[in-house]
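Beneath this line is the structure, given in structure tokens, with notes to follow.
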Amino acid sequence: MNKSICNFLFILFISISSSIVQSEFTSQQEALYQHIIHEVRCLVCQNQSIAESNADLAKDLRIQIYNQINEGKTELEIKEFLLNRYGEFVLYEPSFNNKTLLLWFSPLILLLLIFGWYRKIRSPLIDTRE
Amino acid sequence: MPLLIFVAFFFLLFKGLYQGQTNIPSPLIDKPMPAFNLPTLGTDQLITDQDIIGQISLINIWATWCPGCLEEHEFLIQLSNSPQAIPIVGINWKDKTELAQLWLKESGNPYSEVLVDSVGKTAIDFGVYGAPETFLIDEEGVIKYKHIGPLSTQIWNREILPVIHTMQQ
């Protein structure tokens with residue numbers, strides 16, 4: 001008798017506590033949440049995102065982001081919030097501005113350089129054959 | 001020529017390998033400090049950012065769980081007793097009140113006020129990611145300098161004092 005009451009209370013407790021945690025997010029919000037926490041760097045343990053990190057600060061930031069999504073904030077607003085506090089370094093993807101122009105175009109520049117160099121060493125060869 | 005490019009690239013990347021990002025520049029420099037409303041340690045009295053405006057001061061984020069805070073404590077005590085002392089506002093970050101009180105009782109209290117940020121919200125607003133962190137605030141409440149890691153006499157003389165001197169001019 002006692003045992004079955006205990007079991008009942010236990011199941012009741014589990015279902016209430018899980019519903020408290022999960023009830024508030026729609027699947028869209030959940031997707032946004034997952035997307036953002038994977039893009040935010042944990043500054044304590046710098047090669048992990050805050051999704052992966054167990055650091056206290058990562059937890060706090062996840063809670064912040066969770067609350068802000070619940071308040072209806074957009075991805076841009078949340079990223080702005082983080083940038084204003086932690087700076088560029090907090091996001092894995094660097095923003096596109098004057099400072100990062102070279103960074104963004106460096107693959108293209110490298111490719112052009114290699115292409116130019118390749119043409120230069122190739123062309124005399126073709127000339128001699130003709 | 002290709003070898004030269006290779007060598008240059010090699011050294012560029014090799015240097016990056018050992019550079020690390022321990023001092024991340026704060027976007028808060030030259031901005032007004034974030035607003036807060038925090039209780040003081042052991043009491044219910046609330047203190048806001050507006051209450052500490054009006055003079056050059058330090059905001060020091062610390063906790064008893066933080067080894068670097070233990071390291072700099074001695075220096076903070078020295079500073080608070082020196083002629084060049086400025087108010088040091090401590091923000092006790094995600095700590096236990098009893099432990100914080102015990103710490104200040106046993107190793108001295110360099111702070112003009114000790115505020116409690118138990119949930120870590122104010123720390124996030126300040127862009128804190130590892131205690132101890134210290135912010136230099138001017139008379140208008142604008143953040144002028146941020147130091148990450150323990151303070152020491154050398155760091156004080158080399159990094160913070162020059163900024164204070166330019167502020168006083």
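Read the figures in this text as sums done on the coordinates, not as results from a lab. Predicted, not measured: the structure shown is a model, and the values here were computed from it. Note that we place each Cβ from the backbone using ideal geometry, even for glycine, and neighbour counts take in every protein chain shown.
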Which angle from 0 to 90°, rounded to the nearest 10, does the C-alpha axis of helix B:67-81 make with the longest principal axis of chain B?
-> 60 degrees
Quick shape check on the stretch A:29-100: root eigenvalues a ≥ b ≥ c of the Cα gyration tensor, a/c under 1.5 is rounded, otherwise prolate if a/b tops b/c, else oblate, and it reads oblate
What number comes out for the charge environment of residue A:113, summing +1 per Lys or Arg and -1 per Asp or Glu over other residues with Cβ under 14 Å away?
-> +2
So for the stretch B:129-169, using the alpha carbon gyration tensor with a ≥ b ≥ c as root eigenvalues (a/c under 1.5 gives rounded; past that, a/b versus b/c decides prolate or oblate), I'd call it oblate
Packing-based exposure ordering (other Cβ within 10 Å, fewest first) of A:105, A:81 = A:105, A:81
For the protein assembly as shown, how big is Rg over Rh, using alpha carbon atoms and the Kirkwood form of Rh?
-> 1.12
Quick one: grab Rg to one decimal and Dmax as a whole number for chain B, Cα atoms only, in Å.
-> 18.7, 70
Once you've got the GNM for chain B with C-alpha springs shorter than 10 Å, pick whichever of B:63, B:85, B:123 has the biggest mean-square fluctuation.
-> B:85
Around residue A:45 (Cβ within 12 Å, Cβ-to-Cβ, excluding residue A:45; K/R +1, D/E -1) the net charge comes to -1
Which of the GluC sites (Glu not before Pro) across the stretch B:76-148 are loop residues per DSSP, with 12 or fewer other Cβ within 10 Å?
-> B:139, B:140
Charge tally in the Cβ shell below 12 Å around residue A:24, where Lys, Arg are +1 and Asp, Glu are -1, residue A:24 excluded | -2
Ascending count of other beta-carbon atoms within 10 Å, so fewest first, for B:94, B:31 | B:31, B:94
Evaluate E = 1/(1 + (r/R0)^6) for residue B:165 and residue B:71, where r is the Cβ-Cβ distance and R0 equals 25 Å; express this FRET efficiency to the nearest 0.05.
-> 0.45
Scalar couplings 3J(HN,Hα) for the stretch B:154-169 by Karplus 6.51 cos²θ - 1.76 cosθ + 1.60 (θ = phi - 60°), nearest whole Hz, x for Gly and Pro, are 4, 5, 4, 5, 7, 9, 8, 4, x, 5, 4, 4, 5, 5, 7, 6
For the Cα atoms of chain B, what angle does the longest principal axis make with the long axis of helix B:97-107, in degrees from 0 to 90, nearest 10?
-> 90 degrees
By count of other Cβ within 10 Å, fewest leading, how are A:90, B:7 ordered?
-> B:7, A:90
Lysine-lysine proximity count for the stretch B:27-168, Cα under 26 Å, sequence distance 8 or more or distinct chains = 13
At a Förster radius of 45 Å, what calculated FRET efficiency corresponds to the Cβ-Cβ distance of residue B:85 and residue B:4, to the nearest 0.05?
-> 0.20
